[in-house]
Amino acid sequence: NHYADIPLAPVEPSYPLSSSQMRLWVLSQFDEVSLSYNMPFTIRLQGEYEPTLLIQAIERVIERHEILRTVFRANENGEVRQWIIPSASFDFACAFHDVRTDEKPEMLAQSMIDKDAYRPFDLETGPLVRAAFFQIGEADYLFYYNMHHTISDGWSVDILSRDVLAFYEAIKNKTAPSLTPLSIQYKDYT
């Protein structure tokens, strides 16, 4: 088998959708199925973590992967396309909740997570990713994130997790991250 390199897409205001994105976009227009494309994940972190550095690492990953800054809306011709929001104007905030003083900190955190997990995403305005840290003990955290399936899948979650940890270690140690620059973005594939 011979695989051809994927050429870089020219800079455009918007880009076509992949067939998978189009299918998910169409299905997400029905309220009763829209929430089924939320992809919530919770990871327990135990040890000495610095939440502010983890939040910075997430912001760097969002800068690195354009798909995390992508929204889906129609152009002037009515064609649904993917629009990549520049990093500088991307409205993303990762919340930090210190719930250690609550009577049942883990239950409170899980309740807040459950409430967000079924909150719909607005595919036209985004962001299509939400994240929060919950400190539930002295060195015990829950990291929660939720992405819409149009911008991620199970396979990409491992890549994003790896990148967050690489950026975290680099920021913490004041070094360059051990990540090679991305040669293509998802828009190049589509």
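Output the residues belonging to the range 19-37 that are of a type in the set (D, E, K, R) and either open to solvent by less than 30 Å² (accessible area, probe 1.4 Å) or modelled with pLDDT under 85 (or both).
Asp31, Glu32
Would you confirm whether or not the range 132-153 contains a residue that is closer than 12 Å to Ile58 by Cα, at pLDDT 90 or above and in contact with a Cys (Cβ under 8 Å, 6 or more places away or on another chain)?
Yes, that holds for at least one residue.
So Phe92 ticks every box in (1) in contact (Cβ under 8 Å) with a residue 40 or more places away in the chain; (2) within 13 Å of the chain's Cα centre (by Cα) but one. Which box is left unticked?
Looking at each condition in turn, Phe92 falls short on (1).
Yes or no: the range 113-127 includes at least one residue that is farther than 27 Å from Ile85 by Cα, among the hydrophobic types (A, V, I, L, M, F, W, C) and outside any loop (DSSP other than H, G, I, E, B).
Looking through the range 113-127, none of the residues is farther than 27 Å from Ile85 by Cα, among the hydrophobic types (A, V, I, L, M, F, W, C) and outside any loop (DSSP other than H, G, I, E, B).
Tell me whether the range 96-105 contains one or more residues that are among the charged types (D, E, K, R) and assigned to a helix (DSSP H, G or I).
no
Anything in the range 139-158 that is part of a strand (DSSP E or B) and either in contact with a Leu (Cβ under 7 Å, 6 or more places away or on another chain) or not aliphatic (A, V, I, L, M) (or both)? List them, or say none.
Correct list: Asp140, Tyr141, Phe143, Tyr144, Tyr145, Asn146, Met147, His148.
Would you be able to tell me the number of residues in the range 43-55 that are open to solvent by 70 Å² or more (accessible area, probe 1.4 Å) and either outside any strand (DSSP E or B) or at pLDDT 95 or above (or both)?
Qualifying residue count, the range 43-55: 3.
Does the range 142-166 hold any residues that are open to solvent by less than 20 Å² (accessible area, probe 1.4 Å) and touching a helix residue (DSSP H, G or I) at 6+ places or on another chain (Cβ under 7 Å), and which are they?
If the condition is that a residue be open to solvent by less than 20 Å² (accessible area, probe 1.4 Å) and touching a helix residue (DSSP H, G or I) at 6+ places or on another chain (Cβ under 7 Å), then Leu142, Tyr144, Asn146, His148, Thr150, Ile151, Asp163 are the ones that fit.
Looking only at the range 93-123, how many residues end up being over 19 Å from Ile43 (Cβ atoms) and buried (at least 16 other Cβ atoms within 10 Å of the Cβ)?
Looking only at that region, the number is 2.
May I ask you to say which residue of Pro40, Pro16, Pro10 is at pLDDT 90 or above, loosely packed, with under 11 Cβ neighbours inside 10 Å and either under 21 Å from Ala117 (Cβ atoms) or over 17 Å from the mean Cα position of the chain (by Cα) (or both)?
Pro10
The values are calculated or read from the model by the stated rules, or taken from the named source; none is laboratory data. Here the structure is a predicted model, which means the values were calculated and not measured. All Cβ positions, even for glycine, are placed from backbone atoms using ideal geometry, and neighbour counts span all protein chains on display. When the accessible area is computed, the model is the full protein with side chains, heavy atoms only, and any ligands, DNA or RNA have been set aside. Shrake-Rupley method; radii C 1.70, N 1.55, O 1.52, S 1.80 Å.
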